[in-house]
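Derivation of every value follows stated rules applied to the coordinates shown; laboratory data play no part. In this text, all values refer to a predicted model and were calculated from it rather than measured experimentally. FYI the Cβ positions are ideal-geometry reconstructions off the backbone, even for glycines, and counts take in every protein chain you see.
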Ligand SMILES: NC(=O)c1ccc[n+]([C@@H]2O[C@H](COP(=O)([O-])OP(=O)(O)OC[C@H]3O[C@@H](n4cnc5c(N)ncnc54)[C@H](OP(=O)(O)O)[C@@H]3O)[C@@H](O)[C@H]2O)c1
């Protein structure tokens with residue numbers, strides 16, 4: 001496989017949902033891809049389809065990103081093969097719905113490990129490499145819940161607030177190194193997320209539910225334009241404006257009702 005002098009897109013969490021859709025949309029652009037997640041069978045099936053359909057190079061990397069050492073090893077493996085990642089889609093993550101004290105400490109901290117620590121580690125190792133090259137693009141996937149604390153999603157909303165703040169800061173900080181950082185904030189979308197988060201789909205969430213394709217298109221467009229962040233879909237953007245325009249007690253009560261029924 002010829003890997004040198006080629007531009008690669010790395011997608012974390014590519015085995016389903018947004019990650020799979022990012023892979024499809026970048027494949028349609030003719031990009032070479034590195035697909036990362038734990039479920040190898042799904043990654044391989046997707047890679048085969050994309051190679052056949054678009055005649056592109058696709059590498060599959062089975063990695064448990066919750067393990068920070070595995071993140072560093074992934075980066076080292078790619079470097080050893082001459083794979084320079086130009087576009088990093090830092091998407092892998094999961095949620096958890098339920099009262100804070102009813103969830104075990106282990107499952108709560110596992111979510112923090114993936115959504116916060118691992119996302120930071122992935123960003124760090126690839127941003128360093130991009131800085132050395134003087135170019136690169138990074139997309140961080142946060143959430144609409146990054147904009148406020150939400151009852152029964154306390155740790156997830158806080159973790160996504162971290163992602164949004166990290167992205168905003170890095171957008172400025174890494175600009176001088178030729179690196180663009182954009183944060184995508186999706187609202188409720190039809191992926192594997194709800195099942196993994198044991199999330200209840202309320203009538204309000206059914207109304208707001210988006211397909212992955214337009215969310216991913218919004219993310220790619222914003223990344224290409226070098227925007228600081230993007231909220232996918234106008235109903236979700238209206239909810240963010242509501243957050244800015246109303247007192248905390250009011251928008252938190254409304255969001256809590258929408259999320260928990
Ligand atoms: N869907 C929504 O409503 C929604 C809304 C706002 C934000 N988001 C965010 O969007 C991102 C993508 O989620 P999604 O909606 O596409 O859900 P999804 O369909 O469940 O996809 C999650 C992806 O993350 C991967 N992943 C989970 N744990 C991992 C680990 N330890 N190591 C490596 N990969 C791991 C999964 O792959 P494996 O299981 O194969 O490892 C899967 O590919 C997440 O950051 C989520 O918080 C989703």
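Considering only residues that are closer than 16 Å to residue 142 by Cβ and touching a strand residue (DSSP E or B) at 6+ places or on another chain (Cβ under 9 Å), which ones fall in the stretch 196-211? Break it down into steps so the answer makes sense when it comes.
Taking the stretch 196-211 first, the residues closer than 16 Å to residue 142 by Cβ are 197, 210.
Scanning the stretch 196-211 gives a single hit, 210.
Here the strands (runs of 3 or more DSSP E) wholly within the stretch 1-74 that include at least 1 residues being touching a helix residue (DSSP H, G or I) at 6+ places or on another chain (Cβ under 9 Å), within 8 Å of the ligand (Cβ to nearest atom) and in contact (Cβ under 8 Å) with a residue 40 or more places away in the chain are 8-12, 32-37.
Contact map, the stretch 89-104: first residue within 27 Å of residue 31 (Cα to Cα), second residue within 16 Å of the ligand (Cβ to nearest atom) and in a loop (DSSP other than H, G, I, E, B), Cβ cut-off under 7 Å, separation 6 or more or different chains; pairs are 91/13; 92/13; 92/65; 93/13; 94/197.
Under the condition of being surrounded by fewer than 14 Cβ atoms within 10 Å (Cβ to Cβ) and more than 18 Å from the chain's Cα centre (by Cα), the residues counted in the stretch 46-72 number 5.
So how many residues does the stretch 88-108 have that are away from the ligand (no atom under 11 Å from the Cβ), over 13 Å from the mean Cα position of the chain (by Cα) and surrounded by 15 or more Cβ atoms within 10 Å (Cβ to Cβ)?
The qualifying residues number 4.
Any residue at all in the stretch 84-98 that is part of a loop (DSSP other than H, G, I, E, B) and over 26 Å from residue 192 (Cα atoms)? Spell out how you get there, then give the answer.
So in the stretch 84-98, the residues part of a loop (DSSP other than H, G, I, E, B) come out as 84, 91-98.
Now drop any that are not over 26 Å from residue 192 (Cα atoms), which leaves 84.
Yes, there is a match, as at least one residue in the stretch 84-98 is part of a loop (DSSP other than H, G, I, E, B) and over 26 Å from residue 192 (Cα atoms).
Scanning the stretch 221-239 for residues that are touching a helix residue (DSSP H, G or I) at 6+ places or on another chain (Cβ under 8 Å), surrounded by 18 or more Cβ atoms within 10 Å (Cβ to Cβ) and outside any strand (DSSP E or B) yields 232, 233, 236, 239. In the stretch 192-213, the residues that are touching a residue at least 40 places away in the same chain (Cβ under 8 Å) and within 11 Å of residue 17 (Cβ to Cβ) reach residues that are assigned to a loop (DSSP other than H, G, I, E, B) and within 12 Å of the ligand (Cβ to nearest atom) with C-beta atoms within less than 8 angstrom, at least six apart or across chains, in these pairs: 192/16; 193/94; 193/95; 193/199; 196/94; 196/95; 212/190; 212/191.
What residue, among those in the stretch 164-193 that are crowded, with 18+ Cβ neighbours inside 10 Å and assigned to a helix (DSSP H, G or I), is farthest from the ligand (Cβ to nearest atom)? This residue is 171.
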